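Everything below concerns the one structure shown next.
The values are calculated or read from the model by the stated rules, or taken from the named source; none is laboratory data. Since the structure is predicted, the reported quantities are computational estimates derived from the model, not experimental observations. Here the Cβ positions follow ideal geometry from the backbone for every residue, glycine too, while neighbour counts run over all protein chains shown.
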């Protein structure tokens, strides 16, 4: 083995250490637990990955431009509650609007997207025009959205959703092996790949993440691009909340809590650099899948949920630390 090959292998192991360790964990759990690759576990994991893929895709654009979005989870929760409120059956307990007829599902989705996009627009304006650091701006929005959701719903758990709505998440094809949610996520993932790689917006986004000053000097409208990134992120959160409520058959103000941290970790594991300018859709998908498989493995091993949070936290810290190390080693 020559020196170059040895260096390539070393770099591969360093850059993918978390993925490699988790793949080993999956293999061990699969050997120990016969039903790990059972139909029920596979379809449930696939559905969870599909919903979280939307959130990770939204956060990815923010990370690529050296930003972040800590309001993602709360916007998902707000979207889930809004979707549930508008799509309850007429005889549902605690129905918010008793005189509201059956609204068209796609009209409800558009309403939820429009409302959530307003919060994304505010995030973008505050970050791009007022120059507030993304961490602070979206942290404030996180609390603002949670408060609004509490006031609007009065912290009432929502249920009794229409069957045609929940069937979006429960439906499957190929003898019940492929959930509709996965198909929806793949379509959206392809559209995001096209946006990131084949459009001017995507090129501008990567340019800003690489060097914002140089991008602006070369003619990139940095302000407009950043605003669009946070609006698009909010649209994806709205879709995630809409599908999450359909999947669980219920919604509360705490739906989506902490999902933004999982999304950031998944993006980082998948190669989206927190230092900006780097990230691929395929990597994001791998990151989401790996992070979800980690949780499933811990459940199969009987690890208490309290300890599960500890492990997830450690993975987030290690993933970001490795990403920063890669960046520093290139200097």
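The table below lists the values:
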item: Within region 279-305, considering residues that are in contact with a helix residue (DSSP H, G or I) (Cβ under 7 Å, 6 or more places away or on another chain) and not in a helix (DSSP H, G or I), the one nearest to residue 206 (Cα to Cα); result: 279
item: Number of the condition not met by residue 277 [criteria: (1) within 20 Å of the chain's Cα centre (by Cα); (2) at pLDDT 95 or above; (3) over 27 Å from residue 157 (Cβ atoms)]; result: (2)
item: Hey, residue 308 more than 17 Å from residue 56 (Cβ to Cβ), in a helix (DSSP H, G or I) and either touching a residue at least 24 places away in the same chain (Cβ under 8 Å) or touching a helix residue (DSSP H, G or I) at 6+ places or on another chain (Cβ under 7 Å) (or both) or not; result: yes
item: Out of 228, 195, sole residue that is assigned to a helix (DSSP H, G or I), in contact with a helix residue (DSSP H, G or I) (Cβ under 6 Å, 6 or more places away or on another chain) and at pLDDT 95 or above; result: 195
item: Filter result (under 30 Å from residue 87 (Cβ atoms), assigned to a loop (DSSP other than H, G, I, E, B) and touching a helix residue (DSSP H, G or I) at 6+ places or on another chain (Cβ under 7 Å)) within region 251-276; result: 253, 254, 255, 256, 257, 258
item: Only one of 175, 207 that is in a helix (DSSP H, G or I) and over 18 Å from residue 105 (Cα atoms); result: 207
item: Residue within region 30-44 that is in contact with a strand residue (DSSP E or B) (Cβ under 6 Å, 6 or more places away or on another chain), surrounded by 14 or more Cβ atoms within 10 Å (Cβ to Cβ) and either modelled with pLDDT of 70 or more or over 21 Å from residue 173 (Cα atoms) (or both) present; result: yes
item: Breaking point among (1) within 18 Å of the chain's Cα centre (by Cα); (2) part of a helix (DSSP H, G or I); (3) crowded, with 16+ Cβ neighbours inside 10 Å; (4) at pLDDT 85 or above, for residue 316; result: (4)
item: Candidates 79, 83, 94, 71, filtered to the one that is at pLDDT 95 or above and touching a strand residue (DSSP E or B) at 6+ places or on another chain (Cβ under 8 Å); result: 83
item: Hits in region 143-183 - residues which are surrounded by 19 or more Cβ atoms within 10 Å (Cβ to Cβ) and under 30 Å from residue 222 (Cα atoms); result: 145, 146
item: One residue from 233, 169 being modelled with pLDDT of 95 or more and assigned to a helix (DSSP H, G or I); result: 233
